[in-house]
Amino acid sequence: MTTISADTADSAVAPPTPLELPAARVASVDVLRGLTIFLMVFVNDLGDGSPAWMRHIHPPDADGMTLADVVFPMFLFIVGVSIPLAFERAREAGIPLPARLWHIATRTASLLLMGVMTEEYQQETTLGPRTWGLLGFTALLLAWCSLPREPGTRRKVFAWLKGIGIAGLVVLLAIYRQKPSSTSLAFYGRVENWTWMRAGWWGILGLIGWSYLAASLIVLLVGRRREWLMGAMALCMTMHLAMNHGGLFSHVDSKAWLAPARGAIDLVANVVNAVGDYASLGDSFGSLAAVVMAGVLLGSILRRDSDVATPRDRVSWAATFAAGLFLAGLLTDNFEGINKIAATPTWCFWCTAIACATWILLYVIIDVARFRAWAHLFAFAGANPLVAYFLHPILTFLLGIVGLGVVHSYTGSSDPNVAVAGSLAMAATVCALTGLLSRLGLRVRL
C-alpha cells in the first residue's frame with residue numbers, strides 16, 4: 001500500500017466534495033442548505049428593478065410573503081435538521097453533556113457577535129462602513145476557520161491566518177465608533193454619549209443564534225421522542241401567541257385558584273422578563289424557535305437509528321408533516337396573518353412546509369435517484385454556509401474599493417431581466433468561490 005506524507009497530502013489530496021462523502025450522510029441536507037444560501041445571496045443582491053414577487057414584501061407590514069420572505073425560515077429549518085444529526089455524532093463520540101452545553105453556548109455567542117457586526121458596520125465612522133465591513137467580515141472568516149486535521153504546511157498556514165483573524169477582529173472592535181448617542185444597556189443602565197456598538201436588534205445571524213439555543217436546549221431536555229419534539233414545537237408557537245396577545249401570565253390575577261402557586265409563577269415571570277431584555281421571547285424563543293423545531297423533527301427521521309429508515313417511509317413521513325404544517329398555517333391565519341417582520345405563525349408554518357416539500361424533492365433526486373452532478377454548486381455552499389454568507393458583502397466591498405463598482409451596477413437597472421440575471425450571476429459566483437475556498441481548505445465551523 002502506498003502511503004502519503006502529511007506534506008504531500010496538503011498539496012496533492014483535496015478534501016472530498018459534499019456529494020462524495022459517505023453514503024450514510026444525507027446529501028440533500030447540504031444541497032438544501034446550499035440552495036438556501038444561493039437564494040439568500042440572490043434576493044439580498046436584487047435591486048429595485050427586479051420583479052416585486054422576488055423582493056421582500058412591501059410595505060413591510062403587508063399580509064403576504066414573497067420569494068425573499070421564504071429564505072430566512074428555510075435556513076432556520078435547516079439549522080433544526082442539523083441539530084439531531086450533530087447530537088447523534090456527539091453521542092457516538094462519547095462527548096459529555098457539559099462539553100456539549102459549552103459548545104452550544106459558544107456557538108450561540110459567536111452567532112450573536114456576527115449578527116451584531118453585520119448590522120452595525122454600516123454605522124462605523126473610524127474607517128468607514130465599506131472598509132471596516134470588508135476587514136471585519138474577513139476577520140470573522142479567518143478567526144473561526146477550522147484548522148486542517150493533518151499536520152503539515154497547510155495546517156501551519158491556516159493557524160497563522162486564524163491568529164491574524166482573531167487579532168484583527170480584536171483591533172477592529174476596539175477602534176469601532178458610531179456617532180455619539182445616549183443609550184440604555186440592559187446589563188448596565190443609561191449611558192450618555194455612547195459611541196460603541198449599540199444594536200437595536202441581533203441581526204439575522206443573531207436571531208438564528210437565539211433560536212438555535214432554544215431548540216438545542218429543548219432537544220437535550222426532551223430527547224429523541226418525536227411526539228415530545230412535536231409538542232415542544234407547538235409550545236414555542238404558543239409562546240409567540242402569548243407574548244403578542246397580552247403577554248405571559250397576563251390573566252393570572254383573575255384565577256383565584258392559582259393563588260397557592262403565585263410565588264412560583266411570579267418567579268418564572270421575572271426570569272422570563274429578564275431574558276426578554278436581551279432577546280424577543282415571542283420571536284427568537286417563540287415562532288422562530290418553532291421553525292427550528294420543525295427542522296429538528298425532520299432531522300430526527302434522518303438519524304441512523306431512526307425507525308423511519310427507508311426512502312419510501314421518509315418521503316411519506318415528510319409529506320404528511322409538510323401537509324400538517326400547511327394546515328397549521330391555515331388555522332392560525334386568523335391571529336396575525338402572514339408577515340415576516342412580525343414572524344407570524346402562518347408565515348412560519350407555510351415557509352416551513354415549503355422547506356420540507358423542497359427537501360422531499362431534493363431527497364428523491366439526490367439521495368434516492370442519485371442524480372447529483374448538477375448539485376455540486378449548491379452542495380459546496382451548503383457545507384460551508386458562513387463562508388458563502390460573508391463572501392457576498394466582501395465581494396461587493398472589494399468591487400467598490402478597487403474601482404470596479406460598475407460591475408455591480410446591474411442592481412440599479414430598471415430592466416428586470418438585467419437585474420435578475422446580474423443577481424443570479426452574483427449568487428452563482430459566490431457559491432463557486434465558496435467551493436474553491438473549501439477545496440483550498442477554508443472551512444468555517446462554529
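The values are calculated or read from the model by the stated rules, or taken from the named source; none is laboratory data. Because the structure is a prediction, the values reported are computed rather than measured. A quick note on method: Cβ atoms are made from the backbone with ideal geometry, for glycine too, and the neighbour counts reach across all protein chains shown.
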Set THR125, THR138: member being more than 19 Å from the chain's Cα centre (by Cα) and β-branched (Val, Ile, Thr): THR125
In this structure, is ILE83 in a helix (DSSP H, G or I) and free of Cβ contacts under 8 Å to residues at least 40 places away in the same chain? no
Among the residues of region 87-100, are any in a helix (DSSP H, G or I) and either in contact with a strand residue (DSSP E or B) (Cβ under 6 Å, 6 or more places away or on another chain) or surrounded by 18 or more Cβ atoms within 10 Å (Cβ to Cβ) (or both)? yes
Residues that are in contact (Cβ under 8 Å) with a residue 40 or more places away in the chain, assigned to a helix (DSSP H, G or I), in contact with a Phe, Trp or Tyr (Cβ under 9 Å, 6 or more places away or on another chain) and not small (Gly, Ala, Ser): does region 367-374 have at least one? no
Among the listed residues LEU325, LEU377, LEU362, LEU331, identify the single one that is assigned to a helix (DSSP H, G or I) and more than 25 Å from the chain's Cα centre (by Cα). LEU331
Could you count how many residues in region 391-446 are surrounded by fewer than 18 Cβ atoms within 10 Å (Cβ to Cβ) and not hydrophobic (A, V, I, L, M, F, W, C)? 15
Can you work out which of the residues in region 160-189 that are over 18 Å from GLU120 (Cβ atoms) and modelled with pLDDT of 95 or more is surrounded by the most Cβ atoms within 10 Å (Cβ to Cβ)? GLY165
Going through region 259-280 in order, the residues found to be touching a Phe, Trp or Tyr at 6+ places or on another chain (Cβ under 9 Å), surrounded by 11 or more Cβ atoms within 10 Å (Cβ to Cβ) and either charged (D, E, K, R) or over 21 Å from SER211 (Cα atoms) (or both) are ILE265, ASP266
Unique residue being modelled with pLDDT of 85 or more and under 29 Å from GLY203 (Cβ atoms) when the list is ALA274, ALA289, ALA264: ALA289
Which of the residues spanning region 214-241 are within 14 Å of ALA290 (Cβ to Cβ) and in contact with a Leu (Cβ under 8 Å, 6 or more places away or on another chain)? ILE218, VAL219, LEU229, MET230, MET233, MET239
If the requirement is being outside any helix (DSSP H, G or I) and either under 17 Å from LEU76 (Cα atoms) or among the polar types (S, T, N, Q) (or both), which of these qualifies: ALA309, ALA342? ALA342
Under the condition of being among the hydrophobic types (A, V, I, L, M, F, W, C), within 23 Å of the chain's Cα centre (by Cα) and assigned to a loop (DSSP other than H, G, I, E, B), which residue from region 197-255 is surrounded by the most Cβ atoms within 10 Å (Cβ to Cβ)? TRP202
Among the residues of region 138-149, is there at least one that is under 28 Å from SER284 (Cα atoms), at pLDDT 95 or above, among the polar types (S, T, N, Q) and part of a helix (DSSP H, G or I)? yes
